[in-house]
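Everything on this sheet refers to the single structure shown next.
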Amino acid sequence: MRSIVNRRALLGRGLASGLAFAVLGGCGRSGARGDKDSGGDLGAARSVAFAIGTPGSDFVHEISLGCADAAEALGWRFSRVLNAQPTPDAHVNAIRQAVTARNDVVVTVDWYQAVVEEVARAQPQGTRFAMVNSLNNSEGMAKYGVPFSGQNPADVGRMLGARMARELANRGKTQGAVLVGNPFPGSLNVEQRIAGIAEGLKAQPGLRMVGFADGSAADAATSVALYKAKIGETGDIVAHAAASGEMGAVPLLKALDELGGPKPLVASTVSSLKMLDFVKQGRVAFALDENLYMQGFSAVMLAWSQMERGLAPLQTAPGCTWVEPGNVDAMIAGYRKRREAAKAHGLS
């Protein structure tokens, strides 16, 4: 494995000035337990866990690798607690497992109000938190000074909707429906992204967004039937937006294949290598990659800044990358390179 000592020496010379991340000041649990300082410029060697309740996927893998690489660079221990059930209880149980294991820092996703409750319960006992990807309870997290690394979902939606409007205009389509499936009705980050798509589409007043619950989170086969029914019911569809990446794109594309006929514009967000393959195949015209790896990497660095540099809380977005025919091969190569690199951390 690559030398942690060498990485720590390198980071000790330039990390603090090179990363514009800010979080709360304070002490971690390592000192309280008697762990000795590493003796390096980066402070004590600590432990960090990425805890999440969802089936294993490229989404989980990319964030995990970002966390693991940052932890290795800092000389911290990394672990992952994956509870492979997409339910609030599973997610909360994963967080509790990470806390019970006495990790100094727990990185997790703020999908549910119960996550705030877990922060309120565990943080006074010495566990630090950093949120990644989704911040559905921003006021609650601000109360406890929890940093966040991820995109603003409304901004991502507006970017996607505005580009779709431009592309449709280039194709001579200035009127009609844009169908957007929602796998998680009521989930704030998904709802905000879809609302952002509707806002971006307003660049062409003749376009209208048609949203519906696509059932893809529960069952892909049922979702295919739901898409086919909604497409037939709506009639004048000129484009589709898969606002939740692979989850909605797979049944959508299958439904379009089964229906046959001319294929409307399809755009999406990127959460997996499969989505990149869809762009390469021409089945998805373009997609917006939210840089999940950098979200995970940044979340750990935010926690480090909190504990070792005493900075104030910050919400930061690592930025988005458009995926299109001209760069999709390079994006695929990057995903595959990270998959190979993950083996050094025991991630699969």
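The values are calculated or read from the model by the stated rules, or taken from the named source; none is laboratory data. None of the values given here were measured: they were computed from a predicted structure. Because the Cβ atoms are built from the backbone with ideal geometry, glycine has one as well, and the counts that use them run over all protein chains shown.
Worth a mention:
- Restricting attention to the stretch 307-329, the residues that are more than 22 Å from residue 272 (Cα to Cα) and among the charged types (D, E, K, R) total 2.
- Some residue of the stretch 182-192 being of a type in the set (A, V, I, L, M) and closer than 21 Å to residue 321 by Cα: yes
- Of residues in the stretch 117-171 being of a type in the set (Val, Ile, Thr) and farther than 29 Å from residue 284 by Cβ, the one surrounded by the most Cβ atoms within 10 Å (Cβ to Cβ): 146
- Odd one out for residue 311, checked against (1) over 15 Å from the mean Cα position of the chain (by Cα); (2) part of a helix (DSSP H, G or I): (2)
- Selection of first residues in the stretch 231-245 that are crowded, with 17+ Cβ neighbours inside 10 Å and of second residues that are part of a loop (DSSP other than H, G, I, E, B) and among the hydroxyl-bearing types (Ser, Thr, Tyr), restricted to Cβ pairs under 8 Å at least 6 apart or on distinct chains, gives the following pairs, ordered by first then second residue: 244/216; 244/271; 245/271; 245/272.
- In the stretch 65-79, the residue that is farthest from residue 335 (Cα to Cα) out of those that are assigned to a helix (DSSP H, G or I) and of a type in the set (D, E, K, R) is 72.
- Exclusive hit being outside the structural domain of residue 85 (by TED's automatic domain parsing), on the phi > 0 side of the Ramachandran plot and surrounded by 19 or more Cβ atoms within 10 Å (Cβ to Cβ), set 215, 211: 215
- The lone criterion from (1) within 20 Å of residue 73 (Cα to Cα); (2) in contact (Cβ under 8 Å) with a residue 60 or more places away in the chain left unmet by residue 337 is number (2).
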